[in-house]
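Below is one structure, written out as structure tokens; the observations come after it.
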Amino acid sequence: MNGAELLVSSLENENVQHIFGVPGEDILDFVEALRRSSIKLVVTRHEQAAAFMAATQGRLTGRPGVCLSTLGPGALNFTTGAAYALLGAMPMIMVTGQKGIVSGKQGRFQIVDMVSTMAPLTKMTRQIVSPATIPTIVREAFRVAQRERPGPVHLELPNDVAAESVVVGPSPIQPHPIDPPVAPQEALDRAADMILKAERPLVMLGAAASRPRLTNVLSDFVRRLQIPFFNTQMGKGAVSSGSGLYVGTAAVSERDYVHRAIDRADLIISIGHDTVEKPPFLMVANGPAVLHVGYLPATVEEVFFPHAEVVGDVGLSLRLIADRIEGKLPNADALLGLREGILARIADRTEEGRYPPTPKRIVHDVRQVMPEDGIVCLDNGMYKIWFARNYRTHVANTLLLDNALATMGAGLPSAIAAAMLYPGRRVLAVCGDGGFMMNSQELETAIRLGLNLVVLILQDNAYGMIRCKQALHGYSDFGTTFDNPDFVAYANAYGIEGRRIDGPDELVATLEAAFAEGGVHLITTPVDYSGQNRC
């Protein structure tokens, strides 16, 4: 067994089933070991897309996704994906090649210090210097990637270490569960007392509330206390449908529909909020008190400075708080009367028959064709605000959006990962024309994998979010527009059917037909952002 084979064996020990990436010369020993393993290598058309796919797998499963690249230029293409996973708290392992560390017959050709490069973008970055250390390094990498706060880990495999023989290979280290610590009784009592005294309490579900293991616990907490709740963009779907307590999503930081409730609250119970998200509201000195419930202490910012904290196992903390105060909250529903008006305002003009369609109408039509467990993967653009605000989610992690790094180009790769994980569910990638073209080559990956996936392109021939910001700042309309290829012909060039929406009432039927047919489909529609002045 050589170092590369030992690394693959250690990954198999972690139950890795897929590795996404682009092979290269200095990682060929690792690629050859993969060929003879149980792990499937998913070849992508760009390393950035491979990292997005691995991160999304981690986000959806709670187990690290894995991606590989060669040294230098290939490894550098992982950096955006690393930041995406770091800010978005997605567990991921990146394996990159490197020249030999004992001797180098190519000088410094393609050599970049990736361990140093990855240091600010990862939870851990390490060069493997001996095959004997591989089992412990891999076990530690997975532990670090998964524990709160989850994120990316980088392992660099020099080609001489990969090729080095191990006479007696060290045994893989078996994983075991690690339970998060329990919050102190004093903190739980303090939190219970704050909620009991509140006259207008409101629950906020943040990004960490969408961890796969929390869905049932959160739904139970909300139903037991009967306090209305809202969510941040990345907290959507954390409570299952049917509670009757949802009052909206904070799509922007202030003066949105849901802020009618936020601004009236005297206590916000913030569950799993992560300040990497664009602020769901702006804390001020004379505003509502904030109780932070999280796996880790809150990050104090100018716009977020909690008055009390419960730090520890979030699920257990919520159950213990509910045990203390269930049935003792006469003011639990004080803000619930605002719900109907807020939701009515959000739903207003969602079926407007204009063409090109408004983002509201597009969100409405998408919701009509997606079942409760269907997964919508957003790229980043102007439309994200409307999906965050208007797209009602009933199951956790069924609207995958990025409100942390908020990078363009991740929509299609994340949808590919979702379609691989859940082949029996409808998966839709929603991309602006700008974001789609940043990783559009991954259409070939989806087709080669035989996935069932529909890609919806919203076409405005501009970087629409930046154009909106430009207008809000009073600047001239400059530098944000471009031309596009014929997207139908583009789809046809890949051997799949492309469809163009030519009227206000065509989208639902077109999406239904694409999903019914199966395989990969591309649909493009113009979008009218005029009058949509909130960005």
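If the cut-off is 17 Å between C-alpha atoms, which lysines fall inside it for Lys99, apart from same-chain ones fewer than 8 positions away? Lys99 reaches no qualifying lysines. Model label sites at Glu372 and Val508, defined 7 Å from Cα along the beta-carbon direction, differ in position by 2.0 nm. One quarter of the surface of the convex hull around the alpha-carbon atoms of the chain equals 25.7 nm², the direction-averaged projected area. Rounded to the nearest 20, the Cβ-based charge dipole of the range 353-408 about its Cα centre (Lys and Arg +1, Asp and Glu -1) stands at 340 debye. Taking every DSSP beta bridge that has both ends in the chain, the antiparallel portion is near 5%. Note on Val182/Asp333: beta-carbon distance plugged into 1/(1 + (r/R0)^6) with R0 of 30 Å gives a FRET efficiency of 0.50. Each of Leu296 and Asp266 was given a label point 7 Å from its Cα along the Cα-to-Cβ line. The distance between the two points is 3.4 nm. The alpha-carbon of Lys105 sits under 13 angstrom from the alpha-carbons of these aspartates and glutamates, leaving out residues fewer than 8 places away in its chain: Asp26, Asp160.
At a Cβ-Cβ separation cutoff of 4.7 angstrom, cysteine residues of the chain with no neighbouring cysteine are Cys67, Cys377, Cys431. Computed on the range 173-274, the Cα convex hull volume stands at 126 Å³ per residue.
Only helices enter this figure: runs of n ≥ 4 DSSP H residues, each worth -39500 (n - 2.57), summed and divided by the residues of the chain, yield -10000 deg cm²/dmol at 222 nm to the nearest 500.
Between the C-alpha center of the range 482-535 and that of the range 118-151 there is a gap of 41 Å.
Accessible surface for the range 345-453, divided over its residues, is 29 Å² per residue with a 1.4 Å probe. Estimated at 0.36 nm per residue, the fully extended path between Arg319 and Arg149 surpasses their Cα-Cα distance by 59.1 nm. Legend: residue pairs Lys123/Lys384; Lys40/Lys123; Lys328/Lys360, Cα-Cα distance threshold 32 Å; pairs beyond threshold, Lys328/Lys360.
For the chain, the carbon plus sulfur part of the accessible surface works out to 51%, probe radius 1.4 Å.
A simple spin-label model places pseudo-atoms 7 Å from Cα toward Cβ; at Leu196 and His473 they are separated by 5.1 nm.
The values are calculated or read from the model by the stated rules, or taken from the named source; none is laboratory data. Only a predicted model underlies this, so the values are computations on that prediction, with no experimental measurement involved. Note that we place each Cβ from the backbone using ideal geometry, even for glycine, and neighbour counts take in every protein chain shown. Heads up: the accessible areas ignore ligands, DNA and RNA and are worked out on the full protein's heavy atoms, side chains in. Shrake-Rupley method; radii C 1.70, N 1.55, O 1.52, S 1.80 Å.
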